[in-house]
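The next block holds one structure in the form of C-alpha cells; read it before the comments.
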Amino acid sequence: MAPPDPILGVSEAFKADDHEMKLNLGVGAYRTEDLQPYVLNVVKKAENLMLERGDNKEYLPIEGLAAFNKVTAELLFGADNAVIQEQRVATVQGLSGTGSLRLAAALIERYFPGSKVLISSPTWGNHKNIFNDAGVPWSEYRYYDPKTVGLDFDGMIADIKAAPEGTFVLLHGCAHNPTGIDPTPEQWERIADVIQEKSHIPFFDVAYQGFASGSLDKDASSVRLFAARGMELLIAQSYSKNLGLYAERIGAINVVCSTSEVAKGVKSQLKRIARPMYSNPPIHGARIVANVVGNSDLFNEWKEEMELMAGRIMSVRKKLYDSLSAKDNSGKDWSFILKQIGMFSFTGLNKAQTENMTSKWHVYMTKDGRISLAGLSSAKCEYLADAIIDSFHNVS
Amino acid sequence: MHGVNVSQSSSSPADRRLSALVRHLEGHSMDSANHSIAAAPTSGSTGARISVFDHVVRAPEDPILGVILTHLPCSLCVRLSFLNFPVVVTVAYNKDPSPAKLNLGVGAYRTEEGKPLVLNVVRRAEQMLVNDSSRVKEYLPIVGLADFNKLSAKLILGADRLVYLHGTSPAIQENRVTTVQCLSGTGSLRVGAEFLARHYHQHTIYIPLPTWGNHTKVFGLAGLSVKTYRYYDPATRGLNFEGLLEDLRSAPSGAIVLLHACAHNPTGVDPTTHQWEQIRQLMRSKALLPFFDSAYQGFASGNLDADAESVRMFVRDGGECLVAQSFAKNMGLYGERVGALSIVCRTADVAGRVESQLKLVIRPMYSNPPIHGASIVSTILKDRTMFQEWTIELKAMADRIISMRQQLFDALRGRGTPGDWSHIIKQIGMFTFTGLNSEQVAFMRKEYHIYMTSDGRISMAGLSSRTVPHLADAIHAAVTRVA
C-alpha cells in the first residue's frame with residue numbers, strides 16, 4: 001500500500017478532523033478571510049463569455065490553444081521582449097505546473113542524457129518525484145539556512161558552481177516553495193553570473209507570478225533578468241494560484257532558445273512527449289486564461305483581484321508576526337515571517353513540533369514546517385501564534 | 001568530428017551532450033577555438049548563436065493530430081511513406097481549392113452539415129455548472145472526481161438490461177474495482193501502462209494489427225514492450241480470427257493483451273459475441289491480462305450496453321482486467337480530455353492497494369486531473385432525465401453514421417461497382433477500411449478531391465447524404481480504372 005501524498009494527504013486528514021478550532025495550513029490554495037475557496041470574478045466572467053459564444057469542444061493541437069500559448073509567453077516576458085519579438089520561445093500548454101515540469105523533465109532525459117537537475121534544499125515536495133519518474137538524476141543545492149531562517153546564499157552559489165558544466169538548475173521564479181525565501185535582485189544577478197560561468201541551464205518554476213508581490217512584472221523580474229542576458233532557459237508556468245484555476249490544470253512550458261529555428265525544433269519534440277502521455281491538453285482552463293489576458297478590461301480586473309489576494313496574505317503575515325512577537329517572551333526573532341513572501345512560510349518547526357501542531361492544536365501543515373498563509377484568517381492568527389509558540393518551545 | 005575536440009578521457013555529461021550534439025550537426029562546421037560548446041550557448045557571447053538545444057531535431061508532425069507540413073506539395077505527398085497519416089491528408093485537403101472536396105480523414109464526429117457538434121445535454125450541463133455559484137475550482141483529489149469515477153465504472157461495467165444505472169456489476173458491489181479519472185483515453189492507457197510496467201510481472205503487451213497509431217508509443221514510453229497479434233484480414237476485409245487465436249495462444253502466460261471494446265480503430269471490424277467468448281476462454285486459460293480500450297461505448301451501435309458487452313463478459317467471469325474509458329466521442333467532449341481507468345481486481349483489498357499505486361503514477365505526471373469535463377459527465381450521468389437525453393443524442397450520432405454506411409453501400413451497389421462492398425455495412429464505428437489500395441486512393445484525391453489515408457480508411461463522420469453520391473462515383477471510378 002503506497003503512503004498518502006505528503007502534501008495532498010494533509011487536506012484529507014484535515015477533512016476527517018471535527019475539532020472546532022481546526023486549521024488547514026496544508027495545501028497551497030488561496031482562501032478568503034472567511035476561509036472559503038475563491039473563484040475570481042474575472043474567471044466567472046470569462047466562463048460566461050465562453051458559454052455565450054458557444055465554443056465547440058474539438059481537440060486542441062498537441063501544443064495546446066494557440067491564443068493561450070501566445071498570451072502566456074507575453075505575460076511572462078512582456079510582449080515587447082526580444083525573445084518574443086524574435087520568436088525564440090517554444091511554448092507548449094501543459095497540465096499546470098506539474099505537467100509543464102514533467103514535459104521539460106522528459107525533454108531533458110531524452111536530449112541531455114546524463115545531465116542532472118540541481119534542486120534547492122528544500123523544494124516543493126513533488127519536484128523530486130517528477131524528475132525520478134522522468135528518469136532524470138538530481139542533486140541538491142543548499143538554500144534554506146535554519147540558523148537565520150533565511151537564504152544560505154554562499155552555500156547556494158558554491159553548490160551551483162560545483163555542479164558539472166551543463167547542469168540544469170531549478171530555480172523558483174518568486175515565492176519559493178516551501179520557504180517563502182527569495183533571493184534579492186542583487187543575489188539573482190550573482191546566481192545568473194555563476195550559471196553563465198558554468199554553462200548551466202536555468203530552469204524556472206513560476207507558479208506565483210503576480211501572486212507573490214501583487215505585481216505580474218515584478219514577480220517575473222528574475223526570469224526576465226536571465227532572458228535579458230541572452231541565456232537559454234526553461235520556464236514552467238502555472239495559473240493555479242494567480243488565476244485560481246487549480247482544478248482546471250492550466251500552465252505552460254516555455255523554452256527560450258538562441259534562435260527561432262531551434263525553438264521550432266524544441267517545440268516539436270515537446271509535442272512528441274505530450275502525445276503519448278495525454279494526446280492534447282484540456283481546453284477549458286486555456287480558454288479562460290486566453291479570454292482574461294486577451295481582454296484589457298478583464299486583464300485589468302484580474303490585476304486588481306490579484307493585488308487583493310496578495311494583499312490579504314501580506315496582511316495576515318503581519319498579523320501573525322505581531323501576535324507571535326506579542327505573545328512570545330523568549331526574545332526569538334520572528335521577523336522572518338515578514339521577510340518571506342508568497343503563500344507559504346517556513347516556520348522552522350521540526351517534524352516532532354509539526355506533529356504537535358496537529359495532534360494538540362489541530363493545525364494541519366506539512367511535516368517540513370511549512371504553513372500556507374493562504375489558509376490563515378486574521379481571526380485565527382492569535383490561535384496559530386499560541387500553537388507555534390507552544391510547539392517551538394515545549395516540544396523538541 | 002567537424003573540428004571539435006571531444007575529450008576521450010572522461011564521459012562527463014557535458015561530453016556526452018557534446019557528442020550527441022555533434023552527431024546531429026551534419027554540415028555544421030564548428031571552429032573549436034571560437035565556438036566550443038562549453039562556452040557558447042549560455043555565455044551570452046555575441047558570436048554565432050549555438051544553442052544547447054541545437055541537437056534537438058525537428059520532429060515530424062504527429063500522424064493523427066498534428067498540423068505541420070504547411071507547404072508540402074501533393075506530388076511529394078504521394079511519394080512519401082508517411083502518406084498514410086491523416087494530418088498530411090488534412091493539410092492537403094486544406095490546400096485544395098475544389099468546391100467538391102471531401103475530407104474523410106477527420107476522426108471527430110461531424111453533423112450532416114459537416115460541423116463539429118456539442119451535444120445539447122452537454123451545453124445544458126455546462127450552463128448548470130457555470131451558473132452554480134457554489135461551485136469552486138479547488139484541486140480534485142489525485143484520483144479525480146469521486147462521483148465521476150463511480151458513475152463511469154457503472155457505465156462500463158453495469159448490469160445487463162441497464163435502465164438508468166441501477167443494477168450494478170458484482171465487481172463494483174464487492175468494491176473490487178478501482179477507478180481513477182484520467183486524461184481521456186490516452187491518459188487512461190498511459191497511467192494503466194505505467195502501473196503495469198511497475199507492478200505487473202509481465203511487461204509485454206500484445207496489440208492488434210493494425211491498431212490506433214498512438215498505442216505503440218503510449219505503451220512503449222510507459223516501459224512495456226509491444227508485440228502484435230493478427231487481427232485484420234485484407235482478403236475478407238474482416239477479422240482474421242484464426243490468426244488472432246493462434247497468436248494469443250502462443251503468447252507467454254500472463255502477457256497483457258490490448259482489446260478494443262468495440263468499433264475497432266482503424267478497421268471497424270469487431271469480433272462477434274461468440275468470438276469474444278472464445279477469446280475470453282483462451283485468455284483466461286493462459287492467464288493473459290485483458291486491457292480494454294473503450295473509446296466508443298454507445299457510439300458504435302447506438303446502445304450503451306451492447307457496446308460494453310465485451311468488457312462485461314470478462315468481468316462476469318470474476319477475473320481481473322483493465323479498462324480505459326474515453327468520453328471524447330460518445331459525449332463529444334474531445335478537447336475536455338475526460339476519461340477513466342478502471343482496474344477490476346480479485347479483492348477489495350487489492351483494489352485499494354492498486355489505487356494507492358495509481359496515485360503515485362499520476363502525481364508526478366500532472367498532480368490531479370482537470371475538473372470541467374468530468375463535472376459535465378457526472379452531471380449528465382447522475383440525472384435520470386439528462387441521462388435519457390444523452391442516450392437519445394448518442395443514438396442519433398451513431399444512427400447517422402450507420403445511415404452513411406448504408407447509403408454508401410446502396411450507392412455502390414446501385415452503380416454496379418465491382419466487388420463485394422458489404423464490409424461497409426458490416427464494419428462498425430466511425431471508420432471504414434474500404435479495401436482501396438494506395439493508387440486508388442491517390443486517384444480519388446487527384447480526380448475527385450476526396451481525401452483519405454492511403455490505407456483506404458475513411459471516416460464516415462465526414463460524410464453526409466449530400467456527399468455520398470460523389471464518394472460513390474469516386475470509388476466506382478477508382479475501382480474500374482485503377483488496378
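Bear in mind that the values in this text are calculations on the coordinates, not laboratory data. Fair warning: this is a prediction, and the values are worked out from it, not measured in the lab. Using ideal geometry, Cβ is built from the backbone for each residue, glycine included, and neighbour counts are taken over all protein chains shown.
Considering all different alpha carbon pairs of region B:206-285, the Kirkwood hydrodynamic radius works out to 13.1 Å. Dividing the Cα radius of gyration of region B:196-346 by its Kirkwood radius returns 0.93 for Rg/Rh.
Amide H to amide H distances under 5 Å link B:Tyr229 with B:Ile207, B:Leu209, where only residues 5 or more positions off or on other chains count and H is placed in the peptide plane.
The mean sequence distance of close C-alpha pairs (under 8 Å, at least 6 residues apart), as a share of the length of region A:12-121, puts its relative contact order at 13 percent. With Cα atoms as the point set, the radius of gyration and Dmax of region A:222-289 evaluate to 13.9, 35 Å. Going by the alpha-carbon gyration tensor, a ≥ b ≥ c the square roots of its eigenvalues, is region A:42-175 rounded (a/c under 1.5) or, if a/c is not under 1.5, prolate (a/b greater than b/c) versus oblate? Cα axes put region A:42-175 in the prolate bin. The tail of the calculated P(r) for region A:260-347, taken as Cα-Cα distances beyond 19 Å, holds 67 percent of the pairs. The 3J(HN,Hα) values that the Karplus relation (6.51, -1.76, 1.60; θ = phi - 60°) gives for region B:410-415 are, in residue order, 4, 5, 5, 5, x, 7 Hz. Gly and Pro appear as x.
Compactness of region B:366-481 is given as radius of gyration and Dmax, 18.6, 58 Å, from Cα positions. Under Stokes-Einstein, with the Kirkwood radius over Cα pairs as Rh, the value for chain A at 4 °C and 1.567 mPa s is 60 µm²/s.
Provide the net charge surrounding B:Val191, with neighbours chosen by a C-beta distance below 14 Å and charges set as Lys +1, Arg +1, Asp -1, Glu -1. Value of the local net charge: +2. Think of it as helices only: each DSSP H run of n ≥ 4 in chain A is worth -39500 (n - 2.57), and spread over all residues that comes to -15000 deg cm²/dmol at 222 nm. Counting, for every residue in A:108-119, the Cβ atoms of other protein chains within 10 Å of its Cβ and taking the mean gives 3. Each part gets one Cα centre, and for region B:423-460 versus region A:3-31 those centres are 56 Å apart.
For the protein assembly as shown, the dipole from Cβ point charges (+1 on Lys and Arg, -1 on Asp and Glu) about the Cα centre works out to 1400 debye, to the nearest 20.
Its alpha carbons give region B:430-480 an Rg and a Dmax of 9.9, 26 Å. So, in Å, what gap is there between the alpha-carbon centers of region A:171-218 and region A:319-383? Comparing the Cα centres of region A:171-218 and region A:319-383, I get a distance of 24 Å. If the limit is 18 Å between Cα atoms, which of A:Lys128/A:Lys264; A:Lys367/B:Lys137; A:Lys22/A:Lys380; A:Lys70/A:Lys264 go over it? Listed pairs above 18 Å: A:Lys128/A:Lys264; A:Lys367/B:Lys137.
Relative contact order of chain A: 26 percent, from C-alpha pairs under 8 Å at least 6 residues apart in sequence. Can you give the translational diffusion coefficient of the protein assembly as shown in µm²/s, computed by Stokes-Einstein from the Kirkwood radius over Cα pairs at 4 °C and 1.567 mPa s? My calculation gives 45 µm²/s for D. Under a 5 Å amide H cut-off, with hydrogens placed 1.01 Å from N, A:Ser120 pairs with A:Tyr141 among residues at least 5 apart or on other chains. What is region B:107-262 by shape, rounded, prolate or oblate, if you read a ≥ b ≥ c off the alpha carbon gyration tensor as root eigenvalues and call it rounded for a/c under 1.5, prolate for a/b larger than b/c, and oblate otherwise? The shape class here is prolate. The spacing between region A:101-160 and region B:278-306, judged by their C-alpha centroids, is 44 Å.
Peptide packing: for B:375-381, A:207-213, the average count of neighbouring Cβ atoms within 10 Å per residue gives the ranking A:207-213, B:375-381, highest mean first. Around the amide H of B:Val257, modelled in the peptide plane, lie the amide H atoms of B:Tyr206, B:Leu289, B:Phe291, all under 5 Å away and 5 or more residues distant in sequence or on another chain.
Computed on region B:406-483, with alpha-carbon pairs under 8 angstrom and 6+ residues apart, the relative contact order is 39 percent. Within a straight-line Cα-Cα reach of under 17 Å, B:Lys286 can be paired with the following lysines, leaving aside sequence neighbours fewer than 8 residues apart in one chain: B:Lys227. Need one word for region A:175-292: rounded, prolate or oblate. Basis is the Cα gyration tensor (sqrt eigenvalues a ≥ b ≥ c); a/c below 1.5 gives rounded, then a/b vs b/c decides. Judged from the Cα gyration tensor, region A:175-292 comes out oblate (a/c at least 1.5, b/c at or above a/b).
A cut-off under 13 angstrom between Cβ atoms defines the neighbours of A:Thr179, and their net charge, with Lys, Arg +1 and Asp, Glu -1, is -1. For the residue pairs A:Lys57/B:Lys329; A:Lys116/A:Lys271; B:Lys115/B:Lys329; A:Lys241/A:Lys271; A:Lys303/A:Lys339; B:Lys150/B:Lys359, alpha carbon separations beyond 19 Å are given by A:Lys116/A:Lys271; A:Lys241/A:Lys271; A:Lys303/A:Lys339. For the peptide A:25-31, the mean number of other protein chain Cβ atoms found within 10 angstrom of a residue's Cβ is 1. Partner shielding of B:267-275 amounts to 0, given as the average count of beta-carbon atoms from other chains within 10 Å of each residue beta-carbon.
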